[in-house]
Amino acid sequence: MAQDVKRQRSVVDTAPPPWYRTVVMYAIIETGGKQYRVAEGDVIRCDLLTSDVGSDVTFEKVVLAGSGSDVKVGAPVLDGASVSGTVLRHGQDKKILVFRYKPKKRVRKLNGHRQRFAEVKITKITLP
């Protein structure tokens, strides 16, 4: 009886993976001092870019790229790899209030800041 259970488990293990486990090519890019994990079709919100809305933008600093078990790691970046995207819109985040004070000195300062960003839709990942 134990042999039958082992046989059934091996059949289940060799079955193709479900649809939600499909292997997708992805890359880790660096822009604005931050790193983002992207795949084709993703929309990322990064620091403001000098490109106009609707224009194409290329990220040359690709730190890592791959799909499944085939992963290429750069040292520090992959030579010849790039990620292309289209700028969807520019905008500003919610306001952040920064309140500084010195106790017992009647010193109070209230500052507000709204970080500007660009939404970019990733269209293509190119490997060397």
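The values are calculated or read from the model by the stated rules, or taken from the named source; none is laboratory data. In this text, all values refer to a predicted model and were calculated from it rather than measured experimentally. Every residue, glycine as well, gets a Cβ built from its backbone with ideal geometry; the counts of neighbours run over all protein chains shown.
When each of Asp70, Asp93, Asp13 is tested for being modelled with pLDDT of 95 or more and on the phi < 0 side of the Ramachandran plot, the lone residue that passes is Asp93. In the list Arg108, Arg37, which residue meets the criterion of being under 16 Å from Leu127 (Cβ atoms), in contact with a strand residue (DSSP E or B) (Cβ under 9 Å, 6 or more places away or on another chain), exposed (fewer than 15 other Cβ atoms within 10 Å of the Cβ) and basic (Lys, Arg)? Sole residue among the options that is under 16 Å from Leu127 (Cβ atoms), in contact with a strand residue (DSSP E or B) (Cβ under 9 Å, 6 or more places away or on another chain), exposed (fewer than 15 other Cβ atoms within 10 Å of the Cβ) and basic (Lys, Arg): Arg37.
Checking each residue in the range 28-82 for being without any contact (Cβ under 8 Å) to a residue 24 or more places away in the chain and not hydrophobic (A, V, I, L, M, F, W, C) picks out Gly32, Gly33, Lys34, Tyr36, Arg37, Thr50, Glu60, Ser69, Asp70, Gly74, Pro76.
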